[in-house]
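Just below is one structure, and these are the notes that go with it.
The values are calculated or read from the model by the stated rules, or taken from the named source; none is laboratory data. In this text the structure is predicted, and so the values were computed from the model without any measurement. Positions of Cβ are backbone-derived with ideal geometry, glycine not excepted, and every protein chain shown enters the neighbour counts. Quick note on the areas: whole protein, heavy atoms, side chains included, nothing else; ligands and nucleic acids left out. Shrake-Rupley method; radii C 1.70, N 1.55, O 1.52, S 1.80 Å.
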Amino acid sequence: MSAAPVTVYVPRDSAATSVGADEVADALLRAAARVGRPIELVRNGSRGMLWLEPLVEVVTPDGRIGYGPVTPGAVDDLVAAGMFDGAQHPSRLGVVEDLPWLATQNRVTFARVGVTDPLSPNDYLDHGGIAGLRRALSMSPADVVAEVTDSGLRGRGGAGFPAGIKWKTVLECVDELKFVCCNADEGDSGTFADRMVMEGDPFMLIEGMTIAAYAVGASEGYIYIRSEYPDAVATMRSAIGIARGQGWLGANVLGSSLNFDLHVRVGGGAYICGEETSMLESLEGKRGMVRAKPPIPAINGLFGKPTVVNNVLTLASVPTILADGAQAYQELGVGRSRGTQLFQLGGNVRNGGIVELAFGVTLGELVDGYGGGTRSGRRVRAVQVGGPLGAYLPTSKFDLPMDYEAFVAAGAMVGHGGIVVFDDTVDMAAQARFAMEFCAAESCGKCTPCRVGSVRGVEVIDRITAGEHPDENLALLEDLCDVMTDGSLCAMGGLTPMPVRSAITEFPDDFLARQPISPGMQLPISVRTEGTP
């Protein structure tokens, strides 16, 4: 009698495939055939330990044993050493679920990501999928909205607006046609959680959108995915087709009266389409430009109809809230920041990846604890939290808790949870200039403070660093930031001053004039040269 096949997991996530996961999977199949060992190869999502990708997991009586990072050339040696039996090897990590980096997290939204086959409906059901939708369909729409409101769920896209209030507004609109739109135009620097959800657990997003549709009375939904995510686009389209076949989408969802269907739309590469009204314009086939508000999208959204607009992580949190109840979700977090957030560690960081924890964890615990400091080995000098429009924070603020209100009080924002790490070689004046330059390049151009102010901002910062009337130009830059903050139509121009002001406040020495250094010249204390710790 032939031996039962060994189940082996190799991620299909974009981050893993970019460093050779597909080649590793092919090498494993060839090696297994060569040694006559049957294996069942499953392409799962990523666990989020990106420095270990490609991460191979082998199912053993002791659990799923991880090996990583694995290269295609190392596969034969691993197989010869007994990898399919979980044998010892320098690349062996142990039982993956027991790794401290993973075991200490609160995996709620990411409970299945990296664990299951993303396109297996049976895997999804076996790991708690559709329970939230079934419970929702047994309740009244108003009760579903109340459950989401009571959970304390706030928009994970950056604004932090209570999801339940938005849903209640749409529910109370009297209209035969309503929409649910998922904003998956994840364009902030250092963010990738939306992509990992779509590639690693797409049915969760589908379930969350279907619950939202039932709660507000919508019959049609759209997932707007950035063009730079081709794998996420393909996975979501496949998952939608499978969900229709399972009765999770389409007419009479799960035998109920709900009729709801989903469609994927791909953006054209504009950062501004991450702003909800600009995204709606793009969905309507127009140029992505910001709409003036009011009216708000909840009342006058896609094609002028009441529309729920939430981002991927917000909608992906909904199935768990409905399955386990609002109280269980409410018990996680602090203050008005309830539940968990997906913190994404990137930049110059040793252990980059996804960390899901309840709100309240400190910035230092994330960067130094989970991130392990810088990849370069130099000291951390600054981190930017909340994307390219977020504040730059020094290590003196590493005791700041990840909490919406605490960050606002500190002149910063949690945003989408992206954390980009910089070591002590960073030039913060250059980073401030980049914020203005980025705004100038990505502005939709509709309002003058953003369109013109960002160009003037680049010019003023250049004059400051050139030593041209620094006091006058710093005052001018402050006035310009006031105008952009108060006068811009949306957060693109309104938040661009945040990284600029934080860089000036926390790292003022970097804005001193760049003077040529002659041999034997005495350097001021504030000037750091390359290689100086």
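Of the GluC sites (Glu not before Pro) in segment 114-211, which ones lie in a loop per DSSP and count no more than 12 other C-beta atoms within 10 Å?
Sparse-neighbourhood loop GluC sites (Glu not before Pro): Glu176.
Within segment 342-397, which trypsin sites (Lys or Arg not before Pro) sit in a loop by DSSP and count at most 12 neighbouring Cβ atoms inside 10 Å?
Filter output for segment 342-397: Arg379.
Could you give me the ³J(HN,Hα) list for segment 237-248, computed from phi with Karplus coefficients 6.51, -1.76, 1.60 and θ = phi - 60°, whole Hz, x at Gly and Pro?
5, 5, 5, 5, x, 5, 4, 4, x, 8, x, 8
What list of ³J(HN,Hα) couplings, whole Hz, do you get for segment 125-140 from phi and the Karplus terms 6.51, -1.76, 1.60, once you set θ to phi - 60° and write x for glycine and proline?
With coefficients 6.51, -1.76 and 1.60, one gets 5, 5, 10, x, x, 6, 4, x, 5, 4, 5, 4, 5, 8, 10, 7 Hz.
Between the alpha-carbon centers of segment 221-259 and segment 47-71, tell me the distance in whole angstrom.
Answer, in whole Å: 29.
Tell me, what HN-Hα J-couplings in whole Hz come from the Karplus equation 6.51 cos²θ - 1.76 cosθ + 1.60 at θ = phi - 60° for each residue of segment 305-312, using x for Gly and Pro?
Working through the residues one at a time gives 9, x, 9, 7, 10, 10, 8, 4 Hz.
Note the listed values [x] 196; [y] 156; [z] 135, then indicate which one is volume of the Cα convex hull per residue in Å³ calculated from this particular structure.
Here volume of the Cα convex hull per residue in Å³ agrees with entry [y].
So if I place +1 on the C-beta of Lys and Arg and -1 on the C-beta of Asp and Glu, and nothing else carries charge, what would the dipole magnitude of segment 12-89 be about its Cα centre? I want it in debye, nearest 20.
In total the dipole reaches around 120 debye.
Could you quote the convex hull projected area for segment 279-405, Cα atoms only and averaged over all directions, in nm²?
Over all viewing directions, segment 279-405 projects a mean Cα-hull area of 10.4 nm².
Using a 1.4 angstrom probe on heavy atoms only, work out the carbon and sulfur share of the accessible area of segment 262-359 in %.
On segment 262-359, the fraction of accessible area on carbon and sulfur atoms equals 51 percent.
Under a crude label model (7 Å from the Cα following the beta-carbon direction), how far is Leu125 from Asp76 in nanometres?
Going from the Leu125 label point to the Asp76 one covers 4.4 nm.
What residue among Phe192, Gly369, Gly94 has its Cα farthest toward the positive end of the dipole of the chain, where the charges are +1 on Lys, Arg and -1 on Asp, Glu, each on the Cβ?
Going by the Cα projections, it comes out as Phe192.
Give me, ordered by chain and number, the residues 5 or more places off Val42 or on other chains with an amide H under 5 Å from its own placed amide H.
Sorted by chain and number, the residues that satisfy this are Val8, Tyr9, Val10.
With Cβ to Cβ distances under 11 Å as the rule, what net charge do the other residues near Asp324 carry (K, R +1; D, E -1)?
Net of charged neighbours comes to -1.
With n ≥ 4 as the cut-off for DSSP H runs, can you work out [θ] at 222 nm for the chain, using -39500 (n - 2.57) per run divided by the number of residues, rounded to the nearest 500?
Estimated from H runs of four or more residues: -11000 deg cm²/dmol.
At 0.36 nm per residue, minus the direct Cα-Cα distance, what do Thr395 and Ser256 gain on full extension? Give it in nm, one decimal, please.
Contour length minus the Cα-Cα distance gives 44.7 nm.
Relative contact order of the chain, please, whole-number percent, based on alpha carbon pairs below 8 angstrom and at least 6 residues apart.
Over the chain, the number comes to 13 percent.
At what distance in angstrom do the alpha carbon centres of segment 357-401 and segment 84-108 lie from each other?
The distance from the Cα centre of segment 357-401 to that of segment 84-108 comes to 25 Å.
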